[in-house]
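Shown next, in C-alpha cells, is the structure this report addresses.
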Amino acid sequence: MQIGIVGLPFSGKSTLFQTITRTHIDPAALARSESHQAMVSVPDARLDRMTEVFNPKKTVHAVIEFVDVVGLSRGDAGSTQFTTKFLADVKTNDALVQVVRLFADETVAHPDGPVDPLRDVSSFETEFMLSDMAIIETRIERIRKNLQKAGDEVGKRELPVLERCNDLLQAGTPLRNAEFTKEEGAILKTYQLLTAKPMLIALNGDETQVGSIEEIAGKIRAAHGGPNVKVLGFFGKIELEMSELSKEEAAVFMTEYGIRESALDTLLREAYDLLGLQSFFTVGEDECRAWTIRKGMTAQESAGVIHSDFVTKFIRAEVVHYDDFVANDASFAKVKEKGLWRLEGREYVVREGDIISIRHG
Ligand SMILES: Nc1nc2c(ncn2[C@@H]2O[C@H](COP(=O)(O)OP(=O)(O)O)[C@@H](O)[C@H]2O)c(=O)[nH]1
Ligand SMILES: [Mg+2]
C-alpha cells in the first residue's frame, strides 16, 4: 500500500513526510526536489497495551509506505497545467494525502498568492478531473473506432463504465464519490484515475490556528467531502519539532500549544481506514504483531497473510476481540470462561481488532 503526499509547492509536504516517517532529509536534498519514500509504522495503542501484557521479544506494527511526491511546479503567473511527469507520479499511489496550506508566513511564498485553502483544494480537483477526462475520452474514442471495424471484446466491456465516468466528471463529480460494482472497479483500476483515489485532505496550520482549524476543516468538508474523503488538521512545523523530542518533552510541548493529540497519529490511522484496511493481532511471548488485511477478508484469507501455507492447512481460527480481552483483565482464562473466546471456521469474516490464533495442519 502506497500513499502519495501531494500539494502545492511550500504547503508543507516535506515537513509532513519527515514528521510521519521520522526521517530527516537534509536541506540540500529537499531543494533538489526529488521524491522521497519511506515505510511508516501505524501507531496502535492496542498493540502497545498487548506488548505490556505479553512482554514479547518483538513487537511488529502494521506499515504503510509514504511518498513525498514532488515535481509540481507551476509556470509563471500561475499557469494551471500540472506537468505530465507530476501526474504520472501521482497515478501509481493507492491513496493520496493532499497537503493544503493554512499557515501564514510571509517568508514562505504561496505560489498562488494569499492563503486560501478552498481555492487550493478546488484547483487540485479541477486539474485531476481534467487529467482523468483526457484519459477517458481518448480511450472511448479508440474503442468506438475499433468497434466500427471489428470486434473489441475488452473495449465493449469497458465502454459503458468509461462513458459513465465521463458523464460523472463532466457533471463535476470526482470518481471517488461514485459507487462502482466490483467488475467496474476492476476495470477502472487499470486506468489509475486520479479522482478515483481515496483522498485525505490535510490542512497545515500554525500555532495561532489550533482553535480554529476544525472550523476550516468543516468548510472544506462541506465543499469537497464524500465517502472516500477525509479532512484533518495538523500543525506541520510544531509537529516536526515535536517528533524530535522525547515523549515526555513532546507532551509538555503539546499542552503548551493546546494541542490535544498529535494529528499525525490520527492521520496514519485515518489513512489506513481510507485504504479499506484493518488490523488483526497475533500475540504471544515471542511476538505481538498487527497484521494488515482488507476489510471483509475471511479467517482463511487472513491466515494466508501470516503464512501462505496456512491457506491450505487452515483448520480453525481461535478468536477473541481485543475489547473483550482487555475488558477481562487481559486474561485468556477469563474470556474463555465467559465464552468470548471462539472457534471460527474458514468463512468467518475477521473484525477490526480481533486477536487470532490459527490452528493449522
Ligand atoms: N510557519 C510555518 N512554516 C511552515 C509550516 N509547515 C511548513 N513550513 C515551512 O514552509 C516551507 C515549505 O515547507 P515544505 O514542507 O518544504 O513544503 P513542500 O514544498 O510542500 O514540501 C519550509 O520552510 C517549512 O519550514 C507551518 O506549519 N508553519
Ligand atoms: Mg517538498
In region 16-47, anything more than 11 Å from ligand 2 (Cβ to nearest atom), closer than 21 Å to S262 by Cβ and in a helix (DSSP H, G or I) is listed as T19, I20, T21, A45, R46, L47
Which numbered condition H61 misses (of (1) within 16 Å of ligand 2 (Cβ to nearest atom); (2) open to solvent by 40 Å² or more (accessible area, probe 1.4 Å); (3) at pLDDT 90 or above) | (1)
Quick one: K237 ticks every box in (1) touching a Phe, Trp or Tyr at 6+ places or on another chain (Cβ under 8 Å); (2) not β-branched (V, I, T); (3) not assigned by TED's automatic domain parsing to the domain that holds D120 except a single one, so which number is it?
-> (3)
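Quick one: in region 1-15, which of the residues that are assigned to a strand (DSSP E or B) and away from ligand 2 (no atom under 13 Å from the Cβ) is farthest from the chain's Cα centre (by Cα)? Spell out how you get there, then give the answer.
To start, the set of residues in region 1-15 that are assigned to a strand (DSSP E or B) comprises 2-7.
Pick out the ones that are also away from ligand 2 (no atom under 13 Å from the Cβ) and you get 2-3.
Values: Q2: 8, I3: 6 Å.
By that ranking, first place goes to Q2.
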Kindly state which helices (runs of 4 or more DSSP H) lie completely within region 297-351 and contain at least 1 residues that are touching a strand residue (DSSP E or B) at 6+ places or on another chain (Cβ under 6 Å) and open to solvent by 30 Å² or more (accessible area, probe 1.4 Å).
-> 299-306, 309-313
Okay, helices (runs of 4 or more DSSP H) sitting entirely in region 158-258 with 2 or more residues that are open to solvent by less than 30 Å² (accessible area, probe 1.4 Å) and either within 16 Å of ligand 1 (Cβ to nearest atom) or of a type in the set (S, T, N, Q) (or both), I get 213-224, 236-243
Would you be able to say whether some residue in region 147-157 is of a type in the set (S, T, N, Q) and either surrounded by 12 or more Cβ atoms within 10 Å (Cβ to Cβ) or under 30 Å from G226 (Cα atoms) (or both)?
-> no
Scan N177, N228 and give me the residue that is in contact with a helix residue (DSSP H, G or I) (Cβ under 6 Å, 6 or more places away or on another chain) and either assigned by TED's automatic domain parsing to the domain that holds D265 or free of Cβ contacts under 8 Å to residues at least 40 places away in the same chain (or both).
-> N228
Residues in region 35-50: is at least one within 29 Å of G113 (Cβ to Cβ) and either more than 16 Å from ligand 1 (Cβ to nearest atom) or not basic (K, R) (or both)?
-> yes
Scan of region 225-256 for residues that are within 17 Å of the chain's Cα centre (by Cα) and more than 16 Å from ligand 2 (Cβ to nearest atom), ordered by number | G225, G226, P227, N228, V229, K230, V231, L232, G233
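What is the residue count in region 1-28 for residues that are away from ligand 1 (no atom under 11 Å from the Cβ), modelled with pLDDT under 90 and among the hydrophobic types (A, V, I, L, M, F, W, C)? Break it down stepwise before answering.
Going through region 1-28, the residues away from ligand 1 (no atom under 11 Å from the Cβ) turn out to be 1-4, 20-24, 26, 28.
With modelled with pLDDT under 90 added as a condition, the list becomes 1-2, 20-24, 26, 28.
From the residues that got through so far, the ones that are among the hydrophobic types (A, V, I, L, M, F, W, C) too are 1, 20, 28.
Matching residues across region 1-28 total 3.
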Unique match (being assigned by TED's automatic domain parsing to the domain that holds N228, within 21 Å of the chain's Cα centre (by Cα) and more than 20 Å from L275 (Cβ to Cβ)) among G211, G205 | G205
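The values are calculated or read from the model by the stated rules, or taken from the named source; none is laboratory data. Note that the structure is a prediction, hence the values are computed from the model and not measured. Glycine gets a Cβ as well: all are built from the backbone with ideal geometry, and neighbour counts include every protein chain shown. Quick note on the areas: whole protein, heavy atoms, side chains included, nothing else; ligands and nucleic acids left out. Shrake-Rupley method; radii C 1.70, N 1.55, O 1.52, S 1.80 Å.
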